[in-house]
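Below is one structure, written out as structure tokens; the observations come after it.
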Amino acid sequence: MKLISLISGGIDSPVATYLMIRRGVEIVAVHMDNRPFTDEKNLDKTLNLVRHLRTLTGTPIKTYVVPHGPNHITIARNCNRHLHCLFCRRMMYRIAERIAEREGADGILTGESVGQVASQTLQNLSVVNRAIKYPVIRPLIGFDKEEIITIARKIGTYEISTLPGLCCTIVPKQPSTAAKPEDVLNEESKIDIDSLVEKSLEGMYVFGPEAL
């Protein structure tokens with residue numbers, strides 16, 4: 001099995017990636033680069049996490065870095081701000097799905113768990129799932145934060161994930177926790193989704209499995 005892992009510089013996604021590598025899954029990492037709404041340190045952390053996972057597991061990991069900042073700008077200018085995190089994740093999933101098609105992957109892997117942040121309520125996760133046809137694998141779905149941190153400390157990713165870095169600054173102050181699919185679709189109709197996906201794919205760059 002091959003999965004596209006949406007990996008950030010945070011705590012959760014490296015743990016999810018590790019757990020699936022341990023199960024024998026081949027991983028292709030995809031990092032959504034949120035600059036200018038984050039900083040260079042977040043990209044550096046992500047690449048360091050991929051290096052660490054490669055060394056820890058002895059598994060080569062091909063890594064895509066995709067520009068996501070321009071998508072945030074378009075979404076923020078045209079769509080309901082309270083739904084921004086959902087639009088963001090749906091866009092991430094669409095891009096990951098296109099990369100999955102290129103790579104012959106079987107699904108998308110994320111570090112999401114129920115209720116950890118506003119975008120990860122069951123209702124919102126359902127709305128996000130509808131953006132793509134590929135299955136989304138969430139090995140941390142029932143874990144609480146302390147359980148995830150315990151694993152991160154054990155495998156040595158926690159120290160990297162908690163290094164200084166600018167958190168995403170475009171997150172709305174009051175994100176929706178129970179979005180309705182019809183509202184999301186109505187708002188998304190205000191932007192050219194396909195064009196944004198294509199531009200993201202055109203702007204991405206790739207590190208080979210042993211390049212990092």
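Observations on the structure shown:
- Checked against (1) closer than 24 Å to Val114 by Cα; (2) in a loop (DSSP other than H, G, I, E, B), Ala29 passes all but a single condition, namely (2).
A quick yes/no check of all residues on (1) of a type outside the set (Val, Ile, Thr); (2) touching a residue at least 12 places away in the same chain (Cβ under 8 Å); (3) outside any loop (DSSP other than H, G, I, E, B); (4) on the phi > 0 side of the Ramachandran plot:
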| site | (1), (2), (3), (4) |
| --- | --- |
| Phe87 | yes, yes, yes, no |
| Asn124 | yes, yes, yes, no |
| Val128 | no, yes, yes, no |
| Ala131 | yes, yes, no, no |
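- The residue that is most open to solvent (accessible area, probe 1.4 Å), counting only those in segment 156-185 that are hydrophobic (A, V, I, L, M, F, W, C), in contact (Cβ under 8 Å) with a residue 12 or more places away in the chain and not in a loop (DSSP other than H, G, I, E, B), is Ile160.
- Hits in segment 98-108 (condition: in contact with a Lys or Arg (Cβ under 9 Å, 6 or more places away or on another chain), assigned to a helix (DSSP H, G or I) and either free of Cβ contacts under 8 Å to residues at least 40 places away in the same chain or of a type outside the set (Asp, Glu) (or both)): Ala100
- Within segment 137-164, the set of residues being at pLDDT below 95 and at positive phi is empty.
- Considering Asn42, Asn71, the condition of being outside any strand (DSSP E or B) and modelled with pLDDT under 95 is satisfied by Asn42 alone.
- Members of segment 79-106 found to be under 18 Å from Ile27 (Cα atoms) and open to solvent by 20 Å² or more (accessible area, probe 1.4 Å), listed by number: Met92, Arg94, Glu97, Arg98, Glu101, Arg102, Glu103, Gly104, Asp106
- Selection over segment 193-210 of residues that are assigned to a loop (DSSP other than H, G, I, E, B) and surrounded by fewer than 13 Cβ atoms within 10 Å (Cβ to Cβ) gives a count of 2.
- Residue ID - least open to solvent (accessible area, probe 1.4 Å), chosen from residues in segment 56-78 that are in contact with a Gly (Cβ under 9 Å, 6 or more places away or on another chain) and under 30 Å from Gln123 (Cβ atoms): Val66
- Against the list (1) closer than 21 Å to Thr38 by Cβ; (2) among the basic types (Lys, Arg); (3) more than 13 Å from the chain's Cα centre (by Cα), the condition Lys133 fails is (1).
- Among the candidates Gly142, Gly111, residue that is open to solvent by 60 Å² or more (accessible area, probe 1.4 Å) and either assigned to a helix (DSSP H, G or I) or in contact (Cβ under 8 Å) with a residue 12 or more places away in the chain (or both): Gly142
- Residues of segment 45-55 include none that is in a loop (DSSP other than H, G, I, E, B), under 23 Å from Ile141 (Cα atoms) and open to solvent by less than 30 Å² (accessible area, probe 1.4 Å).
The values are calculated or read from the model by the stated rules, or taken from the named source; none is laboratory data. Being a predicted model, the structure only gives us computed values, none of them experimental. Cβ atoms come from the backbone with ideal geometry, glycine included; neighbour counts cover every protein chain shown. Side chains are part of the model used for accessible areas, which takes the heavy atoms of the whole protein and leaves out ligands, DNA and RNA. Shrake-Rupley method; radii C 1.70, N 1.55, O 1.52, S 1.80 Å.
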